[in-house]
Structures are given as structure tokens and as C-alpha cells.
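This report refers to the structure that appears directly beneath it.
The values are calculated or read from the model by the stated rules, or taken from the named source; none is laboratory data. Since this is a predicted model, take the numbers as computed values, not measurements. In this analysis, Cβ positions are derived from the backbone assuming ideal geometry, glycine residues included, and neighbour counts consider all displayed protein chains.
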Amino acid sequence: NGDTSPTVSMAELDHQAQIISKSHLETCQYLREELQQMSWQNFLQDEVESYQSKPREVMWQLCAVKITEAIQYVVEFAKRIDGFMDLCQNDQIVLLKAGSLEVVFVRMCRMFDSQNNTVYFDGKFAGPDVFKALGCDDLITSVFDFAKSMCSLHLSEDELALFSAFVLLSADRSWLQEKLQVEKLQQKTQLALQHVLQKNQREDGLLNKLRCKVSALRSLCSRHTEKLSAFRAVYPDIVGTHFPPLYKELFG
Amino acid sequence: LKEKHKILHQLLQNSTS
């Protein structure tokens, strides 16, 4: 009947929050404890220089591989969200095609060291200078700034899990066939997020701050697409033959 | 869309481990 505001009990919201938190922890690629243990491992200057002196296409390929690995975990996360696999196959693909990289950027704050402005990459913590060979300094700076601002919100794992699910279940993506179903699922996830924020006694404005992050994520992803197009215009064969097939499928 | 996203479709079909 077009009503997208489901009546959901507290018990249902608790259940939804628990399932999404569990899905997140099962698919988060690295546990916080693992990352903390590695946090002292920064790239040495000669290692930084070795990344900087890589040919542009080699560094692009390396980053495409790392992004693809992270996206595979996001696909597993999506599959475990209650209701996701009940959506039609078209809409599952639409949501992952549009949202998987956004969730990778959200998850990046777990792997980010705000004090040193470094992110876990290829075995150690890397600053923006490590990615110089990509030729996308402005995008890299924006990605690091985004991670830093996400970190400043100090989200717990359950809050991060629910926000990731909220981002993934965006009902305003183009080409959805059963928009109403996605809207209901996103609404339920937002209520579960709100419920958890209240339970965790978080500040009142946090949900709004998180909503603002959605447009920042979209901007980062469209800039990634632009940079990829520019790269492909110069190196069409490299993308065609050396980039991971899933990456090409999602961003090609 | 399914035809253009065979790998993603396959990943979605694989059972969760």
C-alpha cells in the first residue's frame, strides 16, 4: 500500500542489530585486535620510495586487487543481512554495484590510524605518500580525510555494522526493480541503528552526522570512477588484461 | 544485469561459509 514505515518492535530491532553486528564481525577482514597488534608497523622510508617508484599501472593494479579483496568481504556481509537475499537478484546486484565500495570506505576507518594519518595497506600502515604513483593525490587526500572524520565519531563495532548496512541498503539507487522492498529494509536498519545509538547513550546529533557521510561517500565513489576512466583512457589493455574481473564488472 | 555481472551473481549464489 506504499507505506514504507514498518511497525517494528524493540525486540525485532534488537534482533536486526544483533544479526547485522554478527554479519559484520564475521566478514570484517581484520579484527580490531589484529589491527592493533600491527599498528606499530609503518612503512620505512625506502619502502615508501619503492611504492612511489612503481610504474603507475602496477600501483593501480595493486590497489585494484586490494579493493576487490575488500569488496568480496562486503558481498559476504550483504548476504548475511536479514532480508538481503529475499530481495530480487537484480536489486541485490544493483545495491552491491553501487554500494560495495562505499562500505569499503566506511570499513576503512577501522584500519586507520588518525594520529599518524596512516591506513593498513599491503601488510603495514601507509601514509598518503605511499599512493603517489597512482597520480590521484586529490582523491587519496579525500579518502584519508574521510577516514579521519569517520574515526572522529568513535563508532563502536555494532554502530559501524549498522551504518554499513544502512549505506548498502540505499533505496535511492538507480535501476532498482522493487524499490519499496529495499526502502522497508533500509528503514528497519535505520531504526535499528537509532535504537543502538540510544542504547549506547550516544549524542543526539550523531545520526545526522552519519547521514551527512552518505553524500561524502557518493562523492568519493564517483571520483574513483572518474579516475579509473582517465586511467583506462591511457592504459586500456592493462585494465582489460590485468585488473581483477570482479573490479572490472563493478566499475567497468 | 545478471548477464553483465556473472562473478557478482556467482558470489551471491555461493552459500555463506
Requested in this report: Return a yes/no flag: does the range A:120-131 have any residue that is farther than 19 Å from residue A:217 by Cα, hydroxyl-bearing (Ser, Thr, Tyr), modelled with pLDDT of 95 or more and not in a loop (DSSP other than H, G, I, E, B).
Outcome: yes
Query raised in the report: Given (1) outside any helix (DSSP H, G or I); (2) surrounded by 14 or more Cβ atoms within 10 Å (Cβ to Cβ), where does residue A:201 come up short, assuming only one miss?
Result: (2)
**Report entry** Residue that is within 14 Å of chain B (Cβ to nearest Cβ) and of a type in the set (S, T, N, Q), where the choices are A:114, A:23
**Finding:** A:23
Query raised in the report: Restricting the search to the range A:31-58, which residues are modelled with pLDDT of 95 or more and aromatic (Phe, Trp, Tyr)?
Result: A:43, A:51
Query - Of the criteria (1) in a helix (DSSP H, G or I); (2) free of Cβ contacts under 8 Å to residues at least 40 places away in the same chain, which one residue A:40 fails - result: (1)
Query raised in the report: Do we have any residue at all in the range A:206-217 that's touching a Gly at 6+ places or on another chain (Cβ under 9 Å) and part of a helix (DSSP H, G or I)?
Result: yes
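Is it fair to say residue A:148 is surrounded by fewer than 19 Cβ atoms within 10 Å (Cβ to Cβ) and touching a Cys at 6+ places or on another chain (Cβ under 9 Å)?
For residue A:148, the condition - surrounded by fewer than 19 Cβ atoms within 10 Å (Cβ to Cβ) and touching a Cys at 6+ places or on another chain (Cβ under 9 Å) - is met.
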Report summary line: Of (1) within 14 Å of chain B (Cβ to nearest Cβ); (2) surrounded by fewer than 20 Cβ atoms within 10 Å (Cβ to Cβ), residue A:87 fails just (2)
Report task. Being in a helix (DSSP H, G or I) and more than 14 Å from chain B (Cβ to nearest Cβ) narrows it down to one of A:101, A:139, so name that one. Result -> A:139
Query raised in the report: Can you name the residue in the range A:220-252 that is away from chain B (no Cβ under 14 Å), farther than 12 Å from residue A:60 by Cβ and free of Cβ contacts under 8 Å to residues at least 12 places away in the same chain and, of all such residues, is nearest to the chain's Cα centre (by Cα)?
Result: A:222
**Report entry** Residue identified as closer than 22 Å to residue A:224 by Cα, among the aliphatic types (A, V, I, L, M) and surrounded by fewer than 18 Cβ atoms within 10 Å (Cβ to Cβ) among A:139, A:134, A:153
**Finding:** A:139
